[in-house]
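Following: one structure in C-alpha cells, then a few remarks.
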Amino acid sequence: MTEALLTRVKARIPITSRHRSSNLLHGVHHSFVKGRSFDFHDLREYTPGDEVADIDWTASARTGLTVVREHLAERRVRMCLAFPAVDAMYALAPSGERKWEIASIAAGAIGFLAQRAGDEVGAMIGTGADLERTPYRTTETHLESILQLHRQRVHESAKPGESAAASDSLTDALATLLATSARRGCMTAVSYTH
C-alpha cells in the first residue's frame, strides 16, 4: 500500500484558528455578482422582474418607494494545481529530498487550505500530448488521488538514478497549461527548477 501523501502534508503545516467558527458558511468566498445568499449587500429601488420575496416591506414603508434587498452570491473558487515539468521532478534537490516530494508538500498544502475554505481542487499534470487532467472536487480523498497521480507520473517519466532535464521550458509549459484551461479560477503552478 502506498503512503498517504496528504497525511505527510498535514503533519508539516500547522493550521490553527484564533477563534471558532460559528457559521457553517464561514470562510466561503464572496463574488461581486448579486444573487441568493444570507449576506445582505444593499437596498435598491424595485425594477420590473425582481422577485416579490426580495422586497423589503419595512424599508419600502419608510421611504415611500418599493425597495428590494440585494445579497452577495457565494461562489466556490476552482483551484487548479498544475504540475508542468513532471520529467524533471525525480531528481534530487539540494536538501537531499526528491523534487516531486517537495512539490507534493507544497501542492498538498495549497490544495488542503483551498478545500478547507470550501473550494474545489483539480489538477493538470504534464504538458502537450502527456497532459492529464483531473476533475474538480472538494474531498480530501480526491486531493490525495491528485498527489498520488503526480507521484506515479514522475516515477513513470524518469528512472531511478537519472536526473532528467525538463523537456519543455517552464514558460512554454505554463503557456500550454493556460491555453488549455477552460474556465476561470485560480491556477497554481508547482515546479522545481534549480
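The values are calculated or read from the model by the stated rules, or taken from the named source; none is laboratory data. Every value quoted in this text rests on a predicted model; they were computed, and no experiment measured them. Positions of Cβ are backbone-derived with ideal geometry, glycine not excepted, and every protein chain shown enters the neighbour counts. Quick note on the areas: whole protein, heavy atoms, side chains included, nothing else; ligands and nucleic acids left out. Shrake-Rupley method; radii C 1.70, N 1.55, O 1.52, S 1.80 Å.
Points to keep in mind about this one:
- Residue match in the range 42-64 (condition: surrounded by 10 or more Cβ atoms within 10 Å (Cβ to Cβ) and modelled with pLDDT under 75): no
- Residue among E101, E120, E144 that alone is of a type in the set (D, E), closer than 17 Å to L5 by Cβ and within 19 Å of the chain's Cα centre (by Cα): E144
- Considering each residue of the range 83-94 in turn, at least one proves to be at pLDDT below 85, of a type in the set (V, I, T) and within 27 Å of Q152 (Cβ to Cβ).
- Screening R153 on (1) open to solvent by less than 60 Å² (accessible area, probe 1.4 Å); (2) modelled with pLDDT under 85 shows it passes everything except condition (2).
- Some residue of the range 83-92 being assigned to a helix (DSSP H, G or I), touching a residue at least 24 places away in the same chain (Cβ under 8 Å), of a type in the set (V, I, T) and surrounded by 22 or more Cβ atoms within 10 Å (Cβ to Cβ): yes
- One residue from I125, I110 being open to solvent by less than 40 Å² (accessible area, probe 1.4 Å) and either modelled with pLDDT of 85 or more or of a type in the set (A, V, I, L, M, F, W, C) (or both): I125
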